[in-house]
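The structure under discussion appears below in the form of structure tokens.
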Amino acid sequence: MSLKALDYESLNENVKNCQYAVRGELYLRASELQKEGKKIIFTNVGNPHALGQKPLTFPRQVVALCQAPFLLDNPNVGMIFPADAIARAKHYLSLTSGGLGAYSDSRGLPGVRKEVAEFIQRRDGYPSDPELIFLTDGASKGVMQILNCVIRDQKDGILVPVPQYPLYSATISLLGGTLVPYYLEETDNWGLDVNNLRQSVAQARSQGITVRAMVIINPGNPTGQCLSEANLREILKFCCDERLVLLGDEVYQQNIYQDERPFISSKKVLMDMGAPLSKEVQLISFHTVSKGYWGECGQRGGYFEMTNIPPRTVEEIYKVASIALSPNVSAQIFMGLMVSPPKPGDISYDQFVRESKGILESLRRRARIMTDGFNSCKNVVCNFTEGAMYSFPQIKLPSKAIQAAKQAGKVPDVFYCLKLLEATGISTVPGSGFGQKEGVFHLRTTILPAEEEMPEIMESFKKFNDEFMSQYADRFGYSRM
Amino acid sequence: MRRFVIGQAKNLIDQTRRPRPHHNNIRLLSPLASDPIPVSSSRFFSDMTGSDSSSSLPVTIDSINPNVLKCEYAVRGEIVNIAQKLQDDLKINKDAYPFDEIIYCNIGNPQSLSQQPITFFREVLALCSHTALLDRDETHALFSADSIARAWKILDQIPGKATGAYSHSQGIKGLRDAIAAGIEARDGFPADPNDIFMTDGASPGVHMMMQLLISSEKDGILCPIPQYPLYSASIALHGGSLVPYYLDEASGWGLEISELKKQLEDAKSKGITVRALAVINPGNPTGQVLSEENQRDIVDFCKKEGLVLLADEVYQENVYVPDKKFHSFKKVARSMGYGEKDISLVSFQSISKGYYGECGKRGGYMEVTGFTSDVREQIYKVASVNLCSNISGQILASLVMSPPKPGDESYESYIAEKEGILSSMARRAKTLEEALNKLEGITCNRAEGAMYLFPCINLPQKAIAAAEAAKTAPDTFYCKRLLNATGIVLVPGSGFRQVPGTWHFRCTILPQEDKIPAIVNRLTEFHKSFMDEFRD
């Protein structure tokens, strides 16, 4: 009998320990049901185009021309492509060393990185060095690369917000590090209290953990909150005092649905604070083409910018990037287009603005519709989605439901979400996939379904929820906060 | 140059000064005595002033993951950095150099050296990039009818025709179906689309497998020496042990089962659990195409020893000699009667090589067979954390595995392009091989496949001594001299590992055909003067 080469037992434990609920149990069940013919509304992942959002026209025109440069030689190309798209395609092709099919510099095309630096400079008012900007196959890859650099062994801890986007917990698991949670305050609009941070760090250190980095997701995922400038200052000072590198996940910076707290980058705040902090705090900021109003998830385009990372460390990060040869070139062009979109006067400008505004204004409306819809249910409390793409309502579950879940061998919010899925086809991600306080349950859904379908979706949810509640009602009320 | 040497020296000092941490000290099973290159060679020699040992910062060279420090990737390493600096300087100081351009022969990146993409593939990609084109009448004048039809077919397989959406984490189902069909057509044995995991190039797939297989430095992976340094780098990053098996240069880089057995036993005696055998076929950098008999022995070996067979087959379409043919390991295993329960096999394919050379698109897949469902779930889970590979690359991978067929409108032009590229590669391989064999002290095995020549250079003692004085590996010393004299960029053999005491360099066969004579001339002239200088 032959030996089993790779069986479950001999698999790397880190792999077994890692979880990624966004495409976990609920999603797999939803896919099964879809195969059986049930209509599923996938709200498990921030994937706008999958829910009907149209790609912006201009970047698609430019990239199509870059894919097939022979079109540019065709005298009739001007009939179906506007002149500025043609010019832009020529521009990006000239930045490559052989078109889309050649490996670029492992950090990304220098010309595109320059455009990213210029964007950052315009946004923040401070210079940005293209040499410290690395393009990656999606922001996730960048996060993994940086965490791989920072985590040496299980004694290295990474401060991660709870609730968090489970890329962080999954990656920390895979790398064999330790996740050090800091809790966001639901009653305070998912606010970040520095005291919570201090407590978390103290506790970790008492267990022999070296806390190395702090992750902030701003705007938050799944929670949507936008950090205030004061908050960011506190965080940066905290990182300075505790000697932590700050990982600023800012992929939702274009998705802002209120006006009280516009997006401010961590880099800007850090620079505003001046020396010595601006020269000492280590910061890595992440961005993507997958979110915002672009929603180009399938391209896999992202970047990270390093601040105050010493040259030889930058070299090592470069070295690891070079093993993967280069990020995909099409996405690099999308990134270039995102950071330097059509300008007033450009042929495609009006269309671009119309399309972008249309998407953002609709997202803002949908954020409101969803929040209000959830809050209209007695046992549901939902903070407003200030930013990002998600709604993260708290579902207060009666103890009978919790018992039923236990009997079914499921975590209560998984139990609830599975029932929701089976009843309505709405595929969400249970709050346990993101982390939450003990005994408190949530689910994450996106605000991405088409605006005209929203009212029906919320109706459907409410109907299910009310039925669920009457099925499991008890005299003792709901799960407590 | 002087600053670079200072940088090297500084690194050596820093390396000895760096405190040895209490955690994993990764052992490489065969320490290469012939490899004095410091672990972390300085790239940015203009930045020497920036001190890295600022102890107040949490993330510095002294505190990052030691596995990162350990790993090396010479294909884009030291020599390439020098070349890039030279290239920048050439723009302003044209007369300072005995050459007027840098020729990159270090990396299998065909389209950067003017190889053209396959027209049909790019037509389909352009239409999928901007689907509005399909609604316009003018499109029929600009695109071939079958590319339009294929684009429609592909878009119908994508929910909502949304090429900008994350797909299934294994890749779009319809595209995997096309790939599975392509595998079946190639091998004559069925392939299951659910066994396919599409990745951003083949490399991420290799990393995924290393992640699953390696739990500690006690886990070993058998790798060919010489090898493509993705393997050594990935093993180092994941904290495992590379167990080398030496290919036999004298017999055309043959793979001996006796050598595999020997290295396996040796590893076991050192407490290493060998988990997998990596085979690159056609080979990189060595270019050999395995015989079917050899492949059968390898399959049997893996089956008997309970090893996962990692079959890197990215050069499957690059075979240049009439007496050899590519056979996939899947086909070989199945034709031996071995099925899912007999052998665990992971086969890697990429869109970067072949005749399509679409490196920058980052597309590829691994076909995973012979694993239990609980293991496959874990593979899926790891793939899902990154959500999915880029859609454009996925589309290309499906086109590569199901290209135009006889009778299709684009077939004639497609075949002409494909054969043009492959026959040119075969010619260039031959020309360069012959030229290299004419050089004093150089012997070069033929490139049966892949994209490289890997000649053995018998360096005179004087040269070796000079290299040692410069604190450089002798083959690196040769390659640096070559670069500075000719502008030609190669990768020293030490980047791929070699039998200790032997020296090689890897040169691609990819520069444009009309540039090859000039390259041969420059190389020949340089080599002669080098030997004149260092001949014993």
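Of the residues making up the range B:168-216, those that are among the small types (Gly, Ala, Ser) and within 21 Å of A:Ala324 (Cβ to Cβ) are B:Ser169, B:Gly171, B:Gly201, B:Ala202, B:Ser203, B:Gly205.
Among the residues of the range A:379-397, not a single one is of a type in the set (Lys, Arg) and either part of a helix (DSSP H, G or I) or in contact with a Lys or Arg (Cβ under 7 Å, 6 or more places away or on another chain) (or both). Those residues that are buried (at least 24 other Cβ atoms within 10 Å of the Cβ), among the hydrophobic types (A, V, I, L, M, F, W, C) and either without any contact (Cβ under 8 Å) to a residue 60 or more places away in the chain or closer than 18 Å to A:Ile172 by Cβ (or both), I need them from the range A:217-231; list them, please. A:Ile217, A:Leu227, listed by residue number. When B:Ser350 is tested against the conditions (1) crowded, with 22+ Cβ neighbours inside 10 Å; (2) more than 30 Å from A:Ser97 (Cα to Cα); (3) within 12 Å of another protein chain (Cβ to nearest Cβ), the lone failure is (2). Within the range B:162-175, does at least one residue satisfy the condition of being closer than 22 Å to B:Tyr411 by Cα and surrounded by 24 or more Cβ atoms within 10 Å (Cβ to Cβ)? Yes, the conditions are met somewhere in the range B:162-175. Checked against (1) within 30 Å of B:Ser114 (Cβ to Cβ); (2) part of a helix (DSSP H, G or I); (3) not hydroxyl-bearing (Ser, Thr, Tyr), A:Arg123 meets all criteria but (1). Each residue in the range A:195-216 was checked for being in contact with a Phe, Trp or Tyr (Cβ under 6 Å, 6 or more places away or on another chain) and in contact (Cβ under 8 Å) with a residue 24 or more places away in the chain, and 3 pass.
Scanning the range A:127-152 for residues that are β-branched (Val, Ile, Thr), at the interface with chain B (Cβ under 7 Å from one of its Cβ atoms) and not in a helix (DSSP H, G or I) yields a single hit, A:Ile151. On inspection, A:Val329 does not qualify as hydrophobic (A, V, I, L, M, F, W, C) and surrounded by fewer than 24 Cβ atoms within 10 Å (Cβ to Cβ).
A:Gly52 meets the conditions (1) crowded, with 17+ Cβ neighbours inside 10 Å; (2) closer than 30 Å to A:Gln351 by Cα in every case but one. The failed one is (1). On the stretch given as the range B:312-344, residues that are of a type in the set (A, V, I, L, M), closer than 26 Å to B:Ala426 by Cα and in a helix (DSSP H, G or I) total 1. When the range B:489-534 is examined, which residues are found to be surrounded by 22 or more Cβ atoms within 10 Å (Cβ to Cβ) and either β-branched (Val, Ile, Thr) or free of Cβ contacts under 8 Å to residues at least 40 places away in the same chain (or both)? B:Val489, B:Val491, B:Thr508, B:Ile509, listed by residue number. Residue check: is B:Ser347 part of a strand (DSSP E or B) and under 18 Å from B:Ala180 (Cα atoms)? In short, yes. Those helices (runs of 4 or more DSSP H) of the range A:190-303 in which at least 2 residues are at pLDDT 95 or above and away from every other protein chain (no Cβ under 14 Å), considering only elements entirely within it, cover A:194-206, A:229-242, A:266-272. Listed by position, the helices (runs of 4 or more DSSP H) inside the range B:96-161 whose residues that are in contact with a Lys or Arg (Cβ under 8 Å, 6 or more places away or on another chain) and either at pLDDT below 95 or at the interface with chain A (Cβ under 9 Å from one of its Cβ atoms) (or both) number at least 1 are B:119-129. In a helix (DSSP H, G or I) and of a type in the set (Val, Ile, Thr) - does that describe any residue in the range B:423-444? Looking for residues that are in a helix (DSSP H, G or I) and of a type in the set (Val, Ile, Thr), one finds at least one in the range B:423-444, hence yes.
Filtering the range B:353-392 to residues that are within 8 Å of chain A (Cβ to nearest Cβ), over 24 Å from the mean Cα position of the chain (by Cα) and part of a helix (DSSP H, G or I) leaves B:Asp374, B:Val375, B:Gln378, B:Lys381, B:Ser384, B:Val385. In the range B:302-315, of all residues being buried (at least 21 other Cβ atoms within 10 Å of the Cβ) and in contact (Cβ under 8 Å) with a residue 40 or more places away in the chain, the one that is nearest to B:Leu396 (Cα to Cα) corresponds to B:Val314. Scan the range A:449-458 and tell me whether some residue there is closer than 25 Å to A:Glu386 by Cα and assigned to a loop (DSSP other than H, G, I, E, B). Yes, the range A:449-458 has at least one match. The single condition among (1) more than 7 Å from every other protein chain (Cβ to nearest Cβ); (2) out of contact with any Leu (no Cβ under 6 Å at 6 or more places or on another chain); (3) surrounded by fewer than 22 Cβ atoms within 10 Å (Cβ to Cβ) that A:Ser106 does not satisfy is (1).
For A:Gln154, the conditions (1) out of contact with any helix residue (DSSP H, G or I) (no Cβ under 6 Å at 6 or more places or on another chain); (2) surrounded by 19 or more Cβ atoms within 10 Å (Cβ to Cβ); (3) closer than 21 Å to A:Gln19 by Cβ all hold with the exception of (2).
To keep it simple, each residue is scored yes or no on (1) touching a helix residue (DSSP H, G or I) at 6+ places or on another chain (Cβ under 9 Å); (2) over 17 Å from A:Ile217 (Cα atoms).
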site: A:Glu234; (1), (2): yes, no
site: A:Asp241; (1), (2): no, yes
site: A:Gln253; (1), (2): yes, no
site: A:Tyr257; (1), (2): yes, no
site: A:Lys267; (1), (2): yes, no
site: A:Leu270; (1), (2): yes, no
site: A:Gly274; (1), (2): no, yes
site: A:Leu277; (1), (2): yes, yes
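Looking across the range A:34-48 at every residue that is of a type in the set (S, T, N, Q) and touching a residue at least 12 places away in the same chain (Cβ under 8 Å), the one that is nearest to the other protein chains (Cβ to nearest Cβ) is identified as A:Asn47. Return a yes/no flag: does the range A:10-33 have any residue that is free of Cβ contacts under 8 Å to residues at least 40 places away in the same chain, facing another protein chain (nearest Cβ under 10 Å), over 29 Å from A:Val314 (Cα atoms) and acidic (Asp, Glu). Scanning the range A:10-33 turns up at least one residue that is free of Cβ contacts under 8 Å to residues at least 40 places away in the same chain, facing another protein chain (nearest Cβ under 10 Å), over 29 Å from A:Val314 (Cα atoms) and acidic (Asp, Glu). Residues in the range B:401-416 that are of a type in the set (Asp, Glu) and either in a loop (DSSP other than H, G, I, E, B) or under 24 Å from the mean Cα position of the chain (by Cα) (or both): B:Asp408, B:Glu409.
The test for being among the hydroxyl-bearing types (Ser, Thr, Tyr), within 30 Å of A:Asn76 (Cα to Cα), in contact with a helix residue (DSSP H, G or I) (Cβ under 8 Å, 6 or more places away or on another chain) and within 8 Å of another protein chain (Cβ to nearest Cβ) does not hold for B:Thr60.
The values are calculated or read from the model by the stated rules, or taken from the named source; none is laboratory data. All values derive from a computational prediction rather than experimental measurement. We place every Cβ from the backbone using ideal geometry, glycine too, and count neighbours over all the protein chains shown.
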